[in-house]
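Here's the structure we're looking at; comments come further down.
Taken together, the values in this text are just the output of simple stated rules run on the coordinates, not laboratory data. Computed from a predicted structure; not experimentally measured. Every residue, glycine as well, gets a Cβ built from its backbone with ideal geometry; the counts of neighbours run over all protein chains shown.
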Amino acid sequence: MNDLINDLYQEIILDHGREPRNFGECEPHNKSADGHNPLCGDSLKLTFLLNDQNIIEDIKFIGEGCAISLASASLMTEKLKGKKIEVAEEIFKDFTNLVSGSDEDLKVLNEEDSLYALKGVGGFPMRVKCATMAWHAFNQALKD
Amino acid sequence: MDDSKTLNLNVRKDFPILSKKILEKKDLIYFDTAASAQKPNTVINETNDFYKNHYSNVSRGVHTLSVESTFRYEDARKKVQKFLNARSENEIIFTKSATEGINLVAQTFYEKFMQKGDEVILSLIEHHSNLIPWFFLRDKYGVVLKFANIQPSGEIDIDHFDSLFTDKTKIVSLTHLSNVFGTELNEKVISICKDKRVPILLDGCQSAAHLKIDVQKLGCDFFVFSGHKTYGPAGIGVLYGTENLLSEMPPYQGGGGMIGDVSLEGASYAELPAKYEAGTPPLVEAHGLGIAIDYMNKIGLDNIIEHENEITKYAFNKLNEIDFIEIHGGDNKRNSIISFNIKNVHSHEVSSFLDVEGIAIRAGHHCCQPLMKHLGVNSTARLSFGVYNSLEEVDKFVIALHKCKEFFNK
């Protein structure tokens, strides 16, 4: 099997794509945003609860899409739960760099991280948007 | 099968991109002609030659290069006129795209013939480019849009379509060949429009290179298609309209080239077709489209259609035998397009997987989100064929599909 395909679809991606974690809506929540990829029709709704210490207490998503977009959203919720907002924002920046094909200068992510499994997306430029949809929704929710 | 192989061997060498290796080792199998067709050498070389040896602006100067450019531009119009069998060159308007052609008709037809509360009939299978220009009329002017249902076969439900007409129906706009199902519009639909004396626009983006087009025989009032889907350059489109309607409708954009006489108090407008061609047109692209038409004529449209029909039928039968494949649009005849899904695998995964095998297919909603909703799918994978494809490529594709299914269900 081609290496590019194996890099793109690592076991953890296929697993999270088939059975996304934290799938649903957060109740209660005080932050939410919709993610949408108009070019392919994939979409999701992200909800989370930010407590008064700026910690993400709970975070969930619902949506439909390809394995990459679902796995990315699923892994994101796992990673961000319990994190302070400032840390989450650093992870967001690192992740964006990672899937764009550059894993130099990463501040908080390293090869041990499950999010690293999405690095293979860098070999498929047209799929980067699939991997970042949930993250852009997260970023949007923080701004709203 | 032998004929088709021969035809394929003869034309594949005409398309330089087909010798490209994908990821440095895989032969390119291009099954995405419905999104955009590849270009033959003649189109590439002739457009190059235009810039190198003949280029200037059209219809403006009197010097040699202006004459050479104008000749090529207008010669392309003649070729398009013959290609569509229009009555006159005045009925051929060059646009930048088929999309621009539909926008042009929507805006100017409304201005001349419609008012608030008037109705337009469209259908569920339309491409966004044949929806949004009409949405603009709904949003800006209170025009009412009605949508014909489709049958499971992917064809328009004739009875439902017929029932949508009222005395306020002013125009109908439909795809001639569905970019998702590959099904051709039932000619009954056009005769209903004729009976009711309502003009009909056909979106011919998918039909122009894959069916023989005769706008007079079809009886449509408008027909649009794009250069890039017919082996020509991107950036050039064609709007055919009957001289009657085009004469009555007002100009679309204002600018150079579309005027008769201008003073600071006002202007008169040029005769057809210049009336609708404000600004410097995509002249080299128009020439390239003319060369693409020459290319299709040289092979023979009948041969191209027969070749593509054979491949489409072959691919349909192969896909139909596979239990994990769901084909959209029933068993009816298709022209060069097949939409399908691998059960439980998103079309993006299918397309990325095939990509590394060297196979280019389209995945997504095909700019038909309302139709995807109707089908109850998020997206589909789409195969589409051109003159350069072969049965052997279909065989390779089917093997890759099995590998794909295995990979995602491991």
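For this structure, a couple of remarks:
- Potential extension, B:T64-B:A234 segment - 0.36 nm per residue separation minus Cα distance: 58.5 nm
- Distance between the modelled labels on B:Q253 and A:E112, one decimal in nanometres: 5.9 nm (7 Å Cα→Cβ projection).
- Cleavage-rule hits, trypsin sites (Lys or Arg not before Pro), the range B:171-214, DSSP coil, Cβ neighbours within 10 Å at most 11: B:R197
- Of all aspartates and glutamates in the structure, those lying under 19 Å Cα to Cα from B:K140, and not within fewer than 8 positions of it along the same chain, are B:E100, B:E111, B:D118, B:E119.
- Cα-Cα over 27 Å, subset of B:K318/B:K410; A:K45/A:K84; A:K83/B:K405; B:K79/B:K168; A:K107/B:K26: A:K83/B:K405; B:K79/B:K168; A:K107/B:K26
- Local net charge near B:N297, Cβ-Cβ under 9 Å (Lys/Arg +1, Asp/Glu -1): +2
- For B:K78, the aspartates and glutamates whose Cα comes closer than 14 Å to its Cα, not counting residues fewer than 8 places off in the same chain, are B:E89, B:E91, B:D294.
- Using Cβ point charges alone (K and R +1, D and E -1), the dipole size of the protein assembly as shown about the Cα centre works out to roughly 700 debye.
- Contour minus Cα-Cα distance for B:D159 and B:K112 (0.36 nm per residue): 14.0 nm
- Max mean-square fluctuation residue, GNM over chain B, Cα-Cα springs under 10 Å, options B:K112, B:K170, B:K146: B:K112
- Dipole axis of chain B (+1 Lys, Arg; -1 Asp, Glu on Cβ), positive-most option in B:H348, B:H366, B:S97: B:H348
- Calculated log₁₀ intensity ratio I(q)/I(0) where the Debye formula runs over C-alpha points of the range A:2-143, q = 0.08, 0.15, 0.17 Å⁻¹: -0.19, -0.67, -0.87
- Net charge, B:A234 excluded, C-beta distance under 11 Å - Lys, Arg +1, Asp, Glu -1: +2
- Membrane-span-like helices of chain B, defined as complete DSSP H segments with a Cα extent of 24 Å or more along the helix axis and a mean Kyte hydropathy of at least -0.5, are identified as B:283-299, B:391-408.
- For the pair B:K298 and B:N409, a Förster radius of 35 Å applied to the C-beta separation gives a FRET efficiency near 0.15, rounded to the nearest 0.05.
- In nm, spacing of pseudo-spin labels at B:N48 and B:H374 (7 Å Cα→C-beta vector): 4.5 nm
- CD proxy at 222 nm, helix term only [per DSSP H run n ≥ 4: -39500 (n - 2.57); per residue of the protein assembly as shown; nearest 500]: -12500 deg cm²/dmol
- For chain B, built as a Gaussian network whose Cα springs stay under 10 Å, the top-fluctuating residue of B:K78, B:K39, B:K25: B:K25
- Dipole in debye (nearest 20) - chain A, about Cα centre, beta carbon charges: Lys, Arg +1; Asp, Glu -1: 340 debye
- Gap separating the Cα centres of the range B:271-316 and the range B:140-170, nearest whole Å: 30 Å
- In summary, the lysines within cross-link reach of B:K313, defined as a Cα separation below 19 angstrom excluding same-chain residues under 8 places away, comprise B:K5, B:K212, B:K333, B:K396.
- Among B:T33, B:T99, B:T70: highest mean-square fluctuation, GNM of chain B, C-alpha pairs under 10 Å: B:T70
- Gain in span if fully extended, B:K140 to B:E392, counting 0.36 nm per residue against the direct Cα distance: 85.6 nm
- Inter-label distance for B:Y55 and B:K13, nm, one decimal - labels placed 7 Å from Cα along Cα-to-Cβ: 3.0 nm
- Assuming charge only on the beta carbon of Lys and Arg (+1) and of Asp and Glu (-1), the dipole of the range B:210-339 about its Cα centre is about 280 debye to the nearest 20.
- Ratio of the Cα radius of gyration of the range A:27-105 to 2.2 N^0.38 Å, where N counts its residues: 1.15
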